[in-house]
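Here is the structure we will look at.
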Amino acid sequence: MSIFSNNIRFLRGKRSLSQQSVATELVISRVRYSKYENGVSEPPIELLVKISKYFHVSIDLLVSVDIRKYPMEEMLKLPDNRIVLPVAVDHLGNDTIEIIPQKASMGYLEGYSDVGYIESLQRIALPFLTNGKYRAFPADGDSMPPFRNGSYIVGKYVEGISELKPGKTYVFITLNDGITYKRFKEIKGNTVCVSADNSFYEPYDIPFNEIVEIWQYASGIFPEDFEPGDYESYNFKEMFRELKQDIKDLDRKVSGRRKS
């Protein structure tokens, strides 16, 4: 038996349908349909599409997720036929949040659509975060003070780019940069313009087709205190940023004199 065969048997049973009635709707024989439920054979792609539409379940779910374990009405379905697992709760009834490991953050790009990977992650509960799906991502680098290495950014899942709000901060999961935490500025054609709160870094554009997921900042977890001295490194970089700008201004002036 395969995941697919178990799933269609389960879906048919939930609707109290006979194999014959399903087969009739799919315009195939009952014997042929029974072979799919028994795992004897697999349907061609065009029939797989019809089965998906008939049960109102994406092909991705039908062939890769044992939906008997996850109530379909509790799943958050994503635009590209992936899912975020149902909101899990702890023994007190609080929603739990998956934590992406610091040392394996790049592995998230390979595992974000893998139900088994998401299930294996450690979880925490933050009772003040409700009405949405949340996940905790590791902070990396110095582009968004006061987050430092070792901190976690808890984000709320954003279903579409149209929901982005200028001035708000988000965790962008991208094909090229992996996990990055930036402030949204504006939509520019088919790109999202973002910036870091550390002014040493200049704004840049992320093409729509590179964005895998977006999570809006909801809370932060700081394992260590952020000491006043930590800002010195940012001030040092700010000095270099100003120096860089001075060099640009000087270059423009020199170029102007050459033209005249």
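Couple of notes before you dig in:
- Accessible surface of Arg123, taken over heavy atoms with a 1.4 Å probe and every protein chain present, rounds to 80 Å².
- Contour minus Cα-Cα distance for Arg68 and Glu210 (0.36 nm per residue): 47.9 nm
- For Asn198 and Glu25, a Förster radius of 51 Å and the Cβ-Cβ distance give a FRET efficiency of 0.30, rounded to the nearest 0.05.
- Label sites at Ile59 and Thr130, each approximated as a point 7 angstrom past Cα along Cα to Cβ, lie 4.1 nm apart.
- Placing dummy labels 7 Å off each Cα toward the beta-carbon, the span from Asn190 to Gln102 is 3.9 nm.
- With a Förster radius of 22 Å applied to the beta-carbon distance between Ile45 and Arg123, the computed FRET efficiency rounds to 0.05.
- Rg [Å, one decimal], Dmax [Å, integer] - region 12-65, C-alpha atoms: 10.5, 26
- Stokes-Einstein D for region 122-215, Kirkwood Rh over Cα pairs, 4 °C, 1.567 mPa s (µm²/s): 93
- Cβ-Cβ distance of Glu163 and Ser18, R₀ of 51 Å, FRET efficiency by 1/(1 + (r/R0)^6): the value works out to about 0.75.
- Taking all protein chains as shown and a probe of 1.4 angstrom, Ser29 keeps an accessible surface of around 60 Å².
The values are calculated or read from the model by the stated rules, or taken from the named source; none is laboratory data. Note that the structure is a prediction, hence the values are computed from the model and not measured. All Cβ positions, even for glycine, are placed from backbone atoms using ideal geometry, and neighbour counts span all protein chains on display. What goes into the accessible areas is simple: the full protein's heavy atoms, side chains included, and nothing from ligands, DNA or RNA. Shrake-Rupley method; radii C 1.70, N 1.55, O 1.52, S 1.80 Å.
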